[in-house]
Amino acid sequence: DIQQDSILYVITDYNNINYYIDGQTEKGFQYEMIKAFAESQHLKAVFILENDLSTSIDKLKRGKADIVARMVPITTDFRDDVAYTNPIIQNKQILVQRTAVDNNGIPPIRSQIKLAGETLYVAKNSPYLQRIHNLSEEISDTIYVKEIPQYDDEQLMIMVAMGEIDYAVCNERIINSNIKKYPQLDVRTEISFTQNTAWLVRNQSPELLYTINKWLEEFKNTRVYRQICNRYL
């Protein structure tokens with residue numbers, strides 16, 4: 001069906017890694033990866049921007065798009081609803097907090113046990129929610145979570161830097177691309193281990209899934225893939 005229409009509809013999130021506009025030019029890691037895949041299949045890629053993961057998956061399931069292309073950790077969370085592709089890139093989740101100098105001398109949290117009773121802020125319907133829930137069980141204590149609608153990881157970093165909130169959980173790739181702008185932030189405490197991230201397709205799209213995975217096997221060994229990674233990651 002996709003080949004018949006010659007159009008690949010892709011949902012991605014808008015930030016300075018995955019997809020953004022520079023002047024009048026589209027750029028981003030997911031943008032270039034999807035463009036490379038689409039061109040290999042002689043398709044035109046049409047991008048739909050959506051930062052809310054739950055909304056993205058709902059649109060995918062309803063046939064409004066063919067792929068969700070963003071850094072979704074490969075877990076069991078969505079396997080009943082969608083299928084994960086083979087890994088695209090690795091990532092991890094980091095606790096964003098202020099340095100002692102910028103937090104009235106209060107030292108940053110280094111042990112995950114000390115998150116007990118604290119409130120962590122994440123983007124609405126963040127893929128990190130399950131990890132925080134698991135971490136709460138691991139330390140046998142409550143970690144409170146507040147979801148901020150319409151905000152992405154960089155905006156959460158700004159909120160921490162400005163003192164509006166104390167803790168946020170963000171994507172390491174996003175952090176690394178922005179941290180120089182916010183020297184008052186401490187990002188040395190990991191919330192998760194390194195995780196593989198992937199794209200999502202419908203469970204009812206086995207041929208698309210097979211085609212993507214076959215392409216990834218070859219493309220990830222190319223110089224073009226390494227150049228894309230170096231440019232954005």
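A few comments on the model shown:
- For the range 121-126, the Karplus equation 6.51 cos²θ - 1.76 cosθ + 1.60, evaluated at θ = phi - 60°, returns couplings of 9, 9, 5, 4, 6, 5 Hz by residue, with Gly and Pro reported as x.
- Computed lengthening from Asn86 to Gln4, 0.36 nm per intervening residue step minus Cα-Cα distance: 27.0 nm
- Full-extension gain in nm, His133 to Ser111, via 0.36 nm per residue minus C-alpha separation: 6.3 nm
- Calculated on alpha-carbon atoms, Rg and Dmax of the range 145-212 in Å: 16.2, 48
- Legend: distances between Cα atoms for Lys92/Lys180; Lys59/Lys92; Lys27/Lys220; pairs beyond 21 Å are Lys59/Lys92.
- Full extension of the segment from Asn196 to Glu39, taken as 0.36 nm per residue of separation minus the current Cα-Cα distance, would add 54.1 nm.
- Net +/- balance of residues flanking Asp5 in space, Cβ distance below 15 Å, scoring K and R +1, D and E -1: -1
- Accessible-area composition of the chain, carbon plus sulfur, in percent [1.4 Å probe]: 45 percent
- FRET efficiency estimate (nearest 0.05) - Cβ-Cβ, Gln204 to Asn104, R0 41 angstrom: 0.15
- For the chain, built as a Gaussian network whose Cα springs stay under 10 Å, the top-fluctuating residue of Val101, Val160, Val72: Val101
- Lys214-Ile48 FRET efficiency (beta carbon distance; Förster radius 25 Å; 0.05 resolution): 0.55
- Residue-normalised accessible area of the chain, given per residue in Å² at a 1.4 Å probe: 52 Å²
- A DSSP coil position with no more than 12 other Cβ atoms inside 10 Å describes none of the GluC sites (Glu not before Pro) in the range 181-233.
- Length-normalised contact order of the chain in % [C-alpha pairs under 8 Å, at least 6 apart]: 28 percent
- Both numbers refer to the Cα atoms of the range 1-155; Rg and Dmax are 18.4, 62 Å.
- The range 183-233: C-alpha gyration tensor shape, a/c 1.5 cut-off, then a/b vs b/c: oblate
- Distance between modelled label sites at Val224 and Lys64, nm, 7 Å Cα→Cβ extension: 3.0 nm
- Helices in the chain, meaning DSSP H runs of at least 4 residues, each add -39500 (n - 2.57). Divided by all residues, the mean residue ellipticity at 222 nm is -9000 deg cm²/dmol.
The values are calculated or read from the model by the stated rules, or taken from the named source; none is laboratory data. Every value quoted in this text rests on a predicted model; they were computed, and no experiment measured them. No Cβ is skipped: glycine too gets one built from the backbone with ideal geometry, and neighbour counts run over all protein chains shown. In case anyone asks, the SASA skips ligands and DNA or RNA and just uses the protein heavy atoms, side chains included. Shrake-Rupley method; radii C 1.70, N 1.55, O 1.52, S 1.80 Å.
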